[in-house]
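Written out below as structure tokens is the structure these notes cover.
Just so it is clear, none of the values below were taken in a lab; they were calculated from the coordinates. Source: prediction; values computed, not measured. All Cβ positions, even for glycine, are placed from backbone atoms using ideal geometry, and neighbour counts span all protein chains on display.
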Ligand SMILES: NC(=O)c1ccc[n+]([C@@H]2O[C@H](COP(=O)([O-])OP(=O)(O)OC[C@H]3O[C@@H](n4cnc5c(N)ncnc54)[C@H](OP(=O)(O)O)[C@@H]3O)[C@@H](O)[C@H]2O)c1
């Protein structure tokens, strides 16, 4: 067990650490957990690249971070994960502008939106949360290989308990679309992608981690009505009577821990929550990682399906 837990903040995780000289690339860096992770890491001297789909929002995030960390070493890059053209362009731009990435934090996400599609026709949650990050990670891999720390953190969620990936109908063409079912599948895909990355790149010293950050009130709930939010909180507290929200600094702690913890050195393919590696658990509604999310056969199947859907293959 690490010394940290549910209430730890990103700043507490980084206490005593010096991140100067390290380059961190964070998707969804203009909001919520991504922005806070960027702020905390910049405060420790890291060169932080905030990726987002809207330059105006990125500029606001830079101002907000600089109001707390005036000398923050920040850059921004636009990337819409719901468009492969945008992902390819951002990947090419990143390779031109940056020499390396030490820590890649695939943090962006969309939750429980109405049935929508990406520019390439993928169902929006799988398309943004997994397929966009799959393609982006391929483009950024040479930069990660050039880095020293070589860690990739993929934001998953306890929502992965909802369902495994449906390989027969990833875009909900024949299945009735249920917003949280789609979210759950996409968040399982984030864990399986972590397992797939570890299998392919672990022996090159590139280690990958999936993270459940906790329950945090951010912009993620934007697609839910007040009634739907209340119903979600009721479901969560029924399953977990001890549930409490995390603050955004607490919510950013586990991804910060996965990216920097000394005790994870040389290990990967792991799912973390509350600043610890989670137990494999197929029953608990309020903790742990499901076996199906760590299944190496499903991870290979997802890898092949993702390559086929995106047309992107890792060298
Ligand atoms: N908050 C929680 O309780 C919770 C729980 C479990 C897991 N998570 C995971 O934590 C991660 C961060 O979420 P958050 O709570 O910080 O939510 P948030 O404040 O809504 O941040 C999500 C970020 O993802 C970006 N994004 C969405 N669609 C995008 C796209 N097509 N292209 C590029 N960027 C896109 C958003 O950009 P815009 O601002 O432009 O929309 C925003 O920057 C997500 O992966 C989420 O699934 C959160």
(message) How many angstrom lie between the Cα centre of segment 41-117 and the Cα centre of segment 232-278?
(response) 22
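Mind sorting 149, 120, 176 by how few other Cβ atoms lie within 10 Å of their own Cβ, fewest first? Walk me through the numbers before you get to the answer.
Working: 149 20, 120 17, 176 7.
Listing 149, 120, 176 from fewest to most nearby Cβ atoms yields 176, 120, 149.
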(request) Using every pair of alpha-carbon atoms in segment 98-140, split the distances into 5 Å bins beginning at 0 and state the percent of pairs per bin, rounded to integers. (result) 5, 21, 28, 19, 13, 8, 5, 1
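Two-decimal Rg/Rh of segment 10-308 from alpha-carbon positions, Kirkwood Rh?
Details: Rg = 17.7 Å, Rh = 18.9 Å.
The Rg/Rh ratio comes out at 0.93.
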(request) At 4 °C and 1.567 mPa s, grab the translational diffusion coefficient of segment 137-212 from Stokes-Einstein with a Kirkwood Rh over Cα pairs, rounded to a whole number in µm² per second. (result) 96
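Report, please, the projected area of segment 76-123 averaged over directions, based on the convex hull of its C-alpha atoms, in nm². Before the final figure, lay out each step's value.
Details: hull surface 16.1 nm².
Reported value for the Cα convex hull: 4.0 nm².
I'd like the projected area of segment 22-164, averaged over all directions, using the convex hull of its alpha carbons. Report it in nm² with one decimal. Numbers along the way, then the final one.
Values: hull surface 34.4 nm².
Spelled out: convex hull of the Cα atoms, projected over all directions, averaged, 8.6 nm².
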(message) Once you compute Rg and the Kirkwood Rh from C-alpha atoms, what is the Rg to Rh ratio for segment 38-99?
(response) 1.01
(message) At 222 nm, what value in deg cm²/dmol follows for the chain if DSSP H runs of at least 4 each add -39500 (n - 2.57) and the sum is divided by all its residues, to the nearest 500?
(response) -12500 deg cm²/dmol
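Can you put 83, 31, 20 in order of Cβ neighbours within 10 angstrom, beginning with the fewest? Mind showing how you got there, number by number?
Details: 83 18, 31 22, 20 10.
Ranked by crowding around the Cβ, least crowded first: 20, 83, 31.
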(request) Please compute P(r) over all alpha-carbon pairs of segment 135-262, binned at 5 Å starting from zero, and give each bin as a whole-number percent. (result) 2, 9, 15, 19, 19, 15, 11, 7, 3, 0
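Ranked highest first by average number of other Cβ atoms within 10 Å, how do 32-39, 193-200 line up? Display every interim value, and only then the final one.
Values: 32-39: 28.4, 193-200: 23.1.
Put in order of decreasing packing, that is 32-39, 193-200.
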(request) Quick one: grab the alpha carbon gyration tensor of segment 132-176, order the square roots of its eigenvalues as a ≥ b ≥ c, and give me rounded if a/c is under 1.5, else prolate or oblate depending on whether a/b is larger than b/c. (result) oblate
(request) Take the Cα coordinates of segment 1-56, assign each an equal point scatterer, and use the Debye formula without solvent to give log10 I(q)/I(0) at q = 0.22 Å⁻¹. (result) -0.85
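With contacts defined as alpha carbon pairs under 8 Å and 6 or more residues apart, what's the relative contact order of the chain in percent? Don't skip to the end; give the middle numbers.
Details: 651 pairs, mean separation 65.2, N = 315.
After rounding, I find 21 percent.
Take 209, 292, 183 and order them by how many other Cβ atoms sit within 10 Å, fewest up front.
Numbers: 209 28, 292 16, 183 25.
By the 10 Å Cβ count, ascending, the order reads 292, 183, 209.
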(request) Any chance you could check the Cα centroid distance between segment 158-175 and segment 295-315 for me, in angstrom? (result) 15
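Figure the gain on full extension for residue 297 and residue 280 (residue separation times 0.36 nm, minus the Cα-Cα span) and round it to one decimal in nm. Can you show the working numbers first?
On the way: separation 17, 0.36 × 17 = 6.12 nm, distance 1.66 nm.
Going from the current span to full extension adds 4.5 nm.
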